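Next up is a structure, given as structure tokens.
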Amino acid sequence: MRRFWSFLLFAFVLISYGNAARVDTLMVHSDKMNKDLMVVYVLPDIALNTIQDTCPVIYLLHGFGDHAKQWLGMKPNLPEIADEKGIIFVLPEGEGSWYWDSPLNADSQFETFISKELIRFTDTRYPTITDRRGRAITGLSMGGHGAMWNAIRHKDVFGAVGSTSGGVDIRPFPKNWDMAKQLGSLEENKERWDEHVIANQINDLKSGELAIIFDCGESDFFYQVNCELHRILSERKIDHDFISRPGNHSHPYWRNSIDYQILFFEKFFKKEPQKK
């Protein structure tokens, strides 16, 4: 009997280790920028051990001054979340790009990389749902801006979008975070800066075209611009979730806020039938 129970315990351990998410760190080539960029993939067990099933994907964009591994370092239980929910997480390098295609720098074309090249690479390599109903994108700070920018401009690619503490209006901060390196100075390029503001990208956005969630801490320096985006979306009757809660521009805030966004995206993925 003792041997029997020992065998069961050994089998349980094998199963536990056999069913675990995997983290792949790859270099993905951008034809437009002619360079390789780090992308971290957090893959649930279901994506590794089945042929028939395909998984929805959440693209997680990092903040300014950080790198592709930021989310994994800040949220070390991301593999467990991937396994629990059957979701693939994709964490791409964005440098200090603000995830635009810079009109000044040929080597900073991250809108094309995120919304075209990376999508194509991911869908070719992994068992993803190759449809907007199975894709969401979000990020923190610069990455929150980048997620909104890319999703609104590529509604055919992404079905849901989020932002946490996002720099959704850049104009109050013209000297910060190297934005002038991407767009030129605000003083000399006001029209260009206006064109690169999230609120000025929603003129053609209809309510329901994107599932939208964004949040910001009440002590965050981006709080007012997020409140203003909420006001504009509400005024135009574009459905969205906006969460205002205590907190500042910090890792503890993002570790907490991303859980709510993942739940929002999970509900979106389950809302409609998805293509395989």
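The values are calculated or read from the model by the stated rules, or taken from the named source; none is laboratory data. Keep in mind it's a predicted model, so treat the numbers as computed, not measured. Here Cβ is always computed from backbone atoms with ideal geometry, including for glycine, and neighbour counts include all displayed protein chains.
Do we have GLY134 as touching a His at 6+ places or on another chain (Cβ under 6 Å), among the small types (Gly, Ala, Ser) and under 28 Å from GLN109 (Cβ atoms) here?
no
Do you know which residues across region 231-261 are aromatic (Phe, Trp, Tyr) and under 13 Å from ILE212 (Cβ atoms)?
Listed by number, the list holds a single entry, PHE242.
Are any residues in region 71-92 surrounded by fewer than 24 Cβ atoms within 10 Å (Cβ to Cβ) and of a type outside the set (D, E, K, R), and if so, which ones?
LEU72, GLY73, MET74, PRO76, ASN77, LEU78, PRO79, ILE81, GLY86
Every residue, every condition in (1) assigned to a helix (DSSP H, G or I); (2) among the basic types (Lys, Arg); (3) within 27 Å of PRO103 (Cα to Cα); (4) out of contact with any Phe, Trp or Tyr (no Cβ under 6 Å at 6 or more places or on another chain), yes or no:
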| residue | (1), (2), (3), (4) |
| --- | --- |
| TRP177 | no, no, yes, no |
| ARG192 | yes, yes, yes, yes |
| ASN200 | yes, no, yes, yes |
| LYS206 | no, yes, no, yes |
| ILE212 | no, no, no, yes |
| ASN256 | yes, no, no, yes |
| PHE264 | yes, no, no, yes |
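GLY139 - would you say it is modelled with pLDDT of 95 or more and touching a Pro at 6+ places or on another chain (Cβ under 7 Å)? Write out each step before concluding.
On the way: modelled with pLDDT of 95 or more: yes; touching a Pro at 6+ places or on another chain (Cβ under 7 Å): no.
So GLY139 does not fit the description; no.
On to the next question. From the residues in region 93-126 that are modelled with pLDDT under 95 and in contact with a Ser or Thr (Cβ under 6 Å, 6 or more places away or on another chain), which one is surrounded by the fewest Cβ atoms within 10 Å (Cβ to Cβ)?
So the residue we want is SER102.
Can you tell me which residue within region 127-153, out of those that are farther than 18 Å from MET38 by Cβ and β-branched (Val, Ile, Thr), is surrounded by the most Cβ atoms within 10 Å (Cβ to Cβ)?
Let us first name the residues in region 127-153 that are farther than 18 Å from MET38 by Cβ, namely 127-136, 138, 141, 144-145, 147-153.
Then drop every residue that is not β-branched (Val, Ile, Thr), which leaves 128-130, 138, 152.
On the way: THR128: 20, ILE129: 20, THR130: 17, THR138: 30, ILE152: 20.
Per the stated criteria, the residue is THR138.
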